[in-house]
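The values are calculated or read from the model by the stated rules, or taken from the named source; none is laboratory data. What you see is a predicted model; the values in this text were computed from it and never measured. Please note: Cβ atoms are built from the backbone with ideal geometry, for glycine as well, and neighbour counts cover all protein chains shown. For the accessible areas, the whole protein counts, side chains as well, though only heavy atoms, and no ligand, DNA or RNA atoms are used. Shrake-Rupley method; radii C 1.70, N 1.55, O 1.52, S 1.80 Å.
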Amino acid sequence: MAHKFEVTEHQWTDVETLIKLLKPLQIMTSHNVSDDEITEYFKTTVIRELSDRFKLLWCPSSVVSARQIASLIDPRFKDLEHETVDAREEIRTRVKNLIKEIAEINCDVKIETPVNKHHGDLEFLFGDEINCNTADNDIQYQHYLAEPQLKFDFDALEWRKTRASKYLLIVALATKYLGIPATSVSSERCFSTAGNIETAKRSCLAPETVNMLIFLHQNKQLL
């Protein structure tokens, strides 16, 4: 199924077009000391509406999202500049707990990591074991946070390859969260299927029947 998530050349062209279209929005929503009252009100309103629509604002009742976790374990965005101070602390605490969980679950499991030939046989024997020591896990996490943030155009996959043995738990967590396809195609396709099944002339279908018909349609290739 991985090939379905590949970005085609045509899609990259669309992304470049969208960047050009969204550039004016960035300019319109960037505050400037020379803005008059009407301009400032307009920018504030647009920012608030977008934040509410996409749930970008952090409040005490907010839950750390997969997007925020992925940002922290991506070395290009780990400083979380676009999050509030309170949100940053909650995100870091959440990731720290996830690392602890991974270490406990995989305590007796060996994960293959690249072996540096210059380190000899000891790394071959011991370099791929997850350390269950909480203090060592915390040190690994703190060292990761202390490293300088990479530029946005740096190859994060290459970084993970070279740091796999040093940040074993971080890389394991990144494999889980950064592998999530950044797309809503699947859910949109499901909505389209539901719309085609429950039409104006078939509006009396029971909810259970609609669910079953959608399930059968979405999985027909497996039947």
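Determine, from the Cβ-Cβ distance of H31 and A206 and an R0 of 45 Å, the FRET efficiency 1/(1 + (r/R0)^6), rounded to the nearest 0.05.
So the FRET efficiency works out to roughly 0.30.
Order H31, H82, most accessible first, counting only protein heavy atoms with a 1.4 angstrom probe.
H82, H31
Need the full-extension length gain, R67 to K161, defined as separation in residues times 0.36 nm minus the C-alpha distance. One decimal, nm.
The R67-K161 span can extend by a further 31.6 nm.
Figure the gain on full extension for I47 and I197 (residue separation times 0.36 nm, minus the Cα-Cα span) and round it to one decimal in nm.
Extending this stretch completely gives an extra 50.2 nm.
Once you put a point 7 Å from the Cα of L56 and another 7 Å from the Cα of L150, both along the Cβ direction, what distance in nm separates them?
2.5 nm
Determine ³J(HN,Hα), in whole Hz, for all residues of region 42-50 in sequence, where each value follows from phi through the Karplus function 6.51 cos²θ - 1.76 cosθ + 1.60 and θ = phi - 60°; x replaces Gly and Pro.
Using θ = phi - 60°, the values come out as 4, 4, 4, 5, 4, 4, 5, 5, 5 Hz.
Using a Förster radius of 35 Å, what is the FRET efficiency between K20 and V85 based on their Cβ-Cβ separation? Nearest 0.05, please.
0.60
Output the pairs from K23/K43; K55/K161; K55/K220; K20/K151; K55/K166 with a Cα-Cα distance over 25 Å in this structure; if there are none, say none.
The pairs that break the limit, which is 25 Å between Cα atoms, are K55/K161; K55/K220; K55/K166.
Taking a 1.4 Å probe, which of C204, C190 shows the most accessible area, and what order do the others take after it?
The residues order as C204, C190, largest area first.
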